[in-house]
Amino acid sequence: MITGFNIDWTRNSLFYCKFRTYAFQVTTMISFTCICLATIDQYFATCSRIRWQRWCHIKIAYRIIIFAIFIAIIEQSPCLFLYEHIKISTTNIIICTITNEFFIQFNTYFNYLIIGNILPYLITFSFGLMAYRNIKEINYRTVPLVRRELDKQLTTMVLIQVIYTFFSILPSMIIYLILAYGNIQDLVLIAQLRLIYAIMTCLYYSYFASPFYIYVCASERFRRQLIHVISKIHLKRFQARIATVNQVIPHI
């Protein structure tokens, strides 16, 4: 709405001004954490050492995710207090922004650059490569065939996610660094880079919706399960509800 139609509700509501940025950064941090944990989990699942395989457990995953959500909520809480309505004197336009210089630097370097770009890329890339190496070695282990094929399929899904991470996160980070620290004086070049950055930002946002489509395309088992859930469970439930509504009670 803001970019496409120039409808900025953050100018009208101080609560929305604060909560929009807070919710965006919390959910972004949680999403990155879950995808990174999925890559780490796949590395542990394909390890040959039993002590590392023990970390691949659903209860441990629940605890880590709950802890990560708690950290994200606390770490991003300054957004609820430091975002304010500021009126630009030259244009008389109210904008939603931060005035605290320390938090501006913290938000730019730590939240956006490290948490939102560098760290997810390094974690998914590193553990994805190690999981791929484990899969290469799994053929030489005495592992049941079903378990071996399942590990290969899951690792393929994770590796495709890692590759997509490379193409969705890295370009926007590079363009951002060039714009922020390149000291470019050419206005035409700046406009071109901003256009490229806007396109790369759309690709960056697609990263958060990509896991579902990647898993559907990469995994036959996932596709079968999805079709089963949609057609056998939800569709039958919907048809049963329609049949119940259409029943006519006879009058005696």
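The residue that is modelled with the lowest pLDDT, counting only those in segment 5-38 that are in a helix (DSSP H, G or I) and more than 21 Å from Y112 (Cα to Cα), is F5. Scanning segment 199-219 for residues that are in contact (Cβ under 8 Å) with a residue 60 or more places away in the chain and in a helix (DSSP H, G or I), we see that the one that is farthest from V162 (Cα to Cα) is A218. Check segment 173-196 and report whether any residue there is modelled with pLDDT under 85 and within 19 Å of F127 (Cα to Cα). So far as segment 173-196 goes, no, none of its residues is modelled with pLDDT under 85 and within 19 Å of F127 (Cα to Cα).
The condition (being of a type in the set (A, V, I, L, M) and touching a strand residue (DSSP E or B) at 6+ places or on another chain (Cβ under 9 Å)) is satisfied by just one residue among I94, I114, I135: I94. Of the residues making up segment 11-34, those that are touching a strand residue (DSSP E or B) at 6+ places or on another chain (Cβ under 7 Å) and either closer than 14 Å to I86 by Cα or not assigned by TED's automatic domain parsing to the domain that holds I98 (or both) number 4. Within segment 197-226, if we keep just the residues that are more than 21 Å from the chain's Cα centre (by Cα) and loosely packed, with under 11 Cβ neighbours inside 10 Å, the residue that is modelled with the lowest pLDDT turns out to be E220. Which numbered condition in (1) part of a helix (DSSP H, G or I); (2) modelled with pLDDT of 80 or more; (3) not small (G, A, S) is the only one that C47 fails? Single failed check for C47: (1). The criterion of at least 2 residues that are under 21 Å from the mean Cα position of the chain (by Cα) is met by the following helices (runs of 4 or more DSSP H) wholly inside segment 54-116: 58-75.
The values are calculated or read from the model by the stated rules, or taken from the named source; none is laboratory data. Because the structure is a prediction, the values reported are computed rather than measured. Heads up, the Cβs are rebuilt from the backbone with ideal geometry, glycines too, and the neighbour counts pull from every protein chain shown.
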